[in-house]
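Participant: Attaching a single structure in structure tokens format; questions to follow.
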Amino acid sequence: MRAGFASWVPALGWPGKLLPVLVLLGWSSLASAQVQDRIEWPVTGIEVDVALVLAVDISYSMDLEELALQREGYIAALTSPVVLDAIRKGMIGRIGVTYIEWAGLSTRNVIVDWKIIDSEASARAVAAEIAAAPVRRARRTSITGAIDFSMERLQEAPLRPLRRVIDISGDGPNNEGGLVSRSRDRAVANGVVINGLPIQIKRSMSSNFDIEGLDEYYADCVIGGPGSFLVTIEDKDQFRDAIRTKILREVAQSSMSDAGPARPGRADCTVGERQWRQYWERK
């Protein structure tokens, strides 16, 4: 049951006396779902300033050069002196990081399991694991799956973080796995911040699944939580600087958020699903 239920029940010719009962059942189901969505976080483990999930898009819409630049950007950011300095200046002075790659619902690759970064040596060890992993690509784009899997990773983290952050890169809208805004809202309701790296590089050949205003889509449908933000990449030369800027903000905990009040009509959070349906209807 969703808001607006009362407006379409009479149109179906249902008896009006059933409406209060059905609405009550709807609210009861919604309340039950909200209770089930509550997460009990671990209360043991190593204390860290932030538990950071780096969720990296490897869908086929990313070409091999972009995949390489993206990975190099994360390696350079994690070993950057300015990022390491920000980590040391945290309340605890260390962070927990896991690096995962995602595409469709069936693609959830853990490249680096939870590791502590508290020094140049530990940062370089994480970077070496990322660099050693084979470069893969996969079909579809499930930001929903990326968020849900990131939440699972956070639940499994042997950490006690002051903050929990999911950092998602991507070059297109969600087109598999249910509404992305639903997964975003569940994460935010459990105290998790989601930041975004929308990649909207102009290519010589457009895809059936490209959209205009990917940054607005990410702002309205993907990121969320106190201090959430996005950093947009519009050129291949921007990968390294953009990723360093994003991780630095996540480590330093900026209080400025790019996820402002909802502005209905700015971004359609179902655009990816609609594109996929239209694509197959044309087949």
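The values are calculated or read from the model by the stated rules, or taken from the named source; none is laboratory data. Here the structure is a predicted model, which is why all the values come from computation and not from measurement. Using ideal geometry, Cβ is built from the backbone for each residue, glycine included, and neighbour counts are taken over all protein chains shown.
Participant: Inspect all residues belonging to region 234-253 and state whether any of them is over 18 Å from the mean Cα position of the chain (by Cα) and either outside the structural domain of ILE201 (by TED's automatic domain parsing) or at pLDDT below 55 (or both).
Facilitator: Kept after step one, since they are over 18 Å from the mean Cα position of the chain (by Cα), are these residues of region 234-253: 234-238, 240-241, 252.
The next check asks that each one be either outside the structural domain of ILE201 (by TED's automatic domain parsing) or at pLDDT below 55 (or both); those that pass are none.
No: region 234-253 contains no residue that is over 18 Å from the mean Cα position of the chain (by Cα) and either outside the structural domain of ILE201 (by TED's automatic domain parsing) or at pLDDT below 55 (or both).
Listed here are the residues, each with its yes/no results for (1) more than 16 Å from MET151 (Cα to Cα); (2) touching an Asp or Glu at 6+ places or on another chain (Cβ under 8 Å).
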| site | (1), (2) |
| --- | --- |
| LEU52 | no, yes |
| LEU69 | yes, no |
| THR79 | yes, yes |
| VAL82 | yes, no |
| LYS89 | yes, no |
| THR98 | no, yes |
| ASN109 | no, yes |
| GLU120 | yes, no |
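Participant: Could you grab me the full set of residues in region 123-146 that are touching a residue at least 60 places away in the same chain (Cβ under 8 Å) and either not charged (D, E, K, R) or not in a loop (DSSP other than H, G, I, E, B) (or both)?
Facilitator: Selection gives ALA131, VAL135, ALA138, THR141, ILE143, ALA146.
Participant: I'd like to verify a number: residues in region 110-134 that are modelled with pLDDT of 95 or more and closer than 25 Å to TYR60 by Cα, how many? Working first, answer last.
Facilitator: Going through region 110-134, the residues modelled with pLDDT of 95 or more turn out to be 110-133.
With the extra rule that they be closer than 25 Å to TYR60 by Cα, the set shrinks to 110-113, 127-133.
Of the residues in region 110-134, 11 are modelled with pLDDT of 95 or more and closer than 25 Å to TYR60 by Cα.
One line per residue, one yes/no per condition, for (1) surrounded by fewer than 20 Cβ atoms within 10 Å (Cβ to Cβ); (2) closer than 19 Å to ARG163 by Cβ:
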site	(1), (2)
ASP49	no, yes
ALA55	no, yes
MET62	no, no
GLU65	yes, no
VAL82	yes, no
GLY90	yes, yes
TRP102	no, no
LEU105	yes, no
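Participant: A further question follows. Go through region 72-89 and give me each residue that's touching a Lys or Arg at 6+ places or on another chain (Cβ under 6 Å) and over 12 Å from ASP241 (Cβ atoms).
Facilitator: Across region 72-89, the qualifying residue is only THR79.
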